[in-house]
Each structure stands twice: as C-alpha cells, then as structure tokens.
1. Where does the chain land at 222 nm, in deg cm²/dmol rounded to the nearest 500, when only DSSP H runs of n ≥ 4 count, each adding -39500 (n - 2.57), divided by all residues?
2. Counting Lys +1, Arg +1, Asp -1, Glu -1, what net charge surrounds Tyr40 among other residues with beta carbon under 13 Å of its beta carbon?
3. Please list Phe70, Phe12, Phe57, Phe62 in order of solvent-accessible area, largest first, computed with a 1.4 Å probe with all protein chains present.
4. Within the P(r) computed for the chain, what percentage of the Cα pairs occupies the region above 20 Å?
5. What does the charge count near Arg20 come to, summing +1 for each Lys or Arg and -1 for each Asp or Glu among other residues with Cβ under 15 Å from its Cβ?
6. Please compute the per residue accessible area over the chain with all protein chains in place, 1.4 Å probe, rounded to a whole number of Å².
7. What angle do you read, to the nearest 10 degrees and between 0 and 90, between the alpha-carbon axis of helix 53-63 and the longest principal axis of the chain?
8. Could you state the angle between the C-alpha long axis of helix 3-23 and the longest principal axis of the C-alpha atoms of the chain, as a value from 0 to 90 degrees rounded to the nearest 10?
Amino acid sequence: MQNKDIVYEETFALRLSKLRNQKGVSARDMSLSIGQNPNYINHIENGKSLPSLTVFFYICEFLNITPSEFFDLDSSQPEALRELTEKLKKLPPEYLSHIEAIVDGLTEGK
C-alpha cells in the first residue's frame, strides 16, 4: 500500500467519525443500523478496514448525505448546508442579496 492510500484511509476514517459524532450516534448503533456487525464502524474509524461501495452508500444514507457531500471536506455540516441551500433556492433574488450581505458580514475577517 502506498503512503497516498494511507492518507486517503485516514481521511475517510476521520470524516466518518466526525459526521457520525455530529449525528450523535455511537459507532455500535450505526453499525447495527446499516446491517453490519457491532464493531464494523469502529473498525473503519480505527483504520482496520474500508467499506465496500454498497456499504458506503448505506453509510451515506444513514448520515442523510450524498457520497459527494461525504467527500466535501470543506463542508463541516453537509446535511445542514444542503437543507439551507434547498430553502435558499425558493427565495426571490432580492432576499438572496440580503442574505449574501449578512453572510459576508459574518465571515468578514475569518
């Protein structure tokens, strides 16, 4: 295994752990909820294994995110961001301008 592969595995494990913790569920409960043995998620988060593609889709479904959102490491709250985006799409353009100004003010200097 190349060093690059190890980095990807560590990134995957850390992302899974972070998203699972944000959801407030234990690794054991998540494992059982996606139809796996009780230690399955723990093994992934500890770098002992990686999920199959099918199980990865189950993980995303459990977390209520898309695979793309899972790998968007710049998004710390992918589910909340998607929900907000869906609401923003329904607003008239003038409201979006106001919201953009608010966001600019909140993120200024960060």
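1. Values: 7 runs with 76 residues, N = 110.
It comes out at -21000 deg cm²/dmol, rounded to the nearest 500.
2. +1
3. My answer, sorted largest first, is Phe57, Phe62, Phe12, Phe70.
4. 50
5. Values: positive: Arg15, Lys18, Lys23, Arg28; negative: Asp29, Glu45, Glu61, Glu69, Glu79.
Net charge in that neighbourhood comes out at -1.
6. Per-residue value: 70 Å².
7. 50
8. In the chain, helix 3-23 runs at an angle near 70 degrees to the longest axis.
The values are calculated or read from the model by the stated rules, or taken from the named source; none is laboratory data. Here the structure is a predicted model, which means the values were calculated and not measured. Note that each Cβ is placed from the backbone with ideal geometry, even for glycine, and that neighbours are counted across all protein chains shown. Note: accessible area is taken over every heavy atom of the protein model, side chains too, but ligands, DNA and RNA are not part of it. Shrake-Rupley method; radii C 1.70, N 1.55, O 1.52, S 1.80 Å.
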